[in-house]
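Data first, discussion second: the structure below is written as structure tokens.
Read-outs throughout are calculated quantities, based only on the coordinates presented, and are distinct from any laboratory measurement. Everything numeric in this text was worked out from a predicted model, so none of it was measured. All Cβ positions, even for glycine, are placed from backbone atoms using ideal geometry, and neighbour counts span all protein chains on display.
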């Protein structure tokens, strides 16, 4: 059993904590090099072989664990605050409930990007239960819901994702928002790792 870090945005962390997110999709960066065979593999070759899928997934295999990195801050007393569940009365860039904080004009308790979160600050751990490779647009309504999608209900506080009639429509909008500028938009239909997990 191995343990690896994985980054999630604040809305996705809230979905994890609420128990509505049990899947994540991550780009398969092609070509994948098979170190044992000394050759390159395409997305279809990986998707066509369970052995290759499991061996090449950078996030792990069933039974492995993921520790969640999220935007955080360290208060003056050493405790951790999380952007996904900020203290009452705080706003981005300032933790109002920290006694040592001089306010927005003299704030020393800035939020830190998730990539810098140390393992000791992690509050959420996941166990991988399944891994597969597929084209992004193949996602089903059920799988889009497993991505934490709000569908008609929406995430509390995330108004730009309210009002979608299906989970797939919501997920498509979310994916475009996060990945289109990186060259992995919905129309590109990239190969993705589909990682299913349970929260520990």
Using a Förster distance of 22 Å, how high is the FRET efficiency between residue 79 and residue 3, based on the Cβ-Cβ distance and rounded to 0.05?
-> 0.40
List, largest first, the extents of the alpha carbons of the range 14-75 along their principal axes, each in whole Å.
-> 49, 25, 20
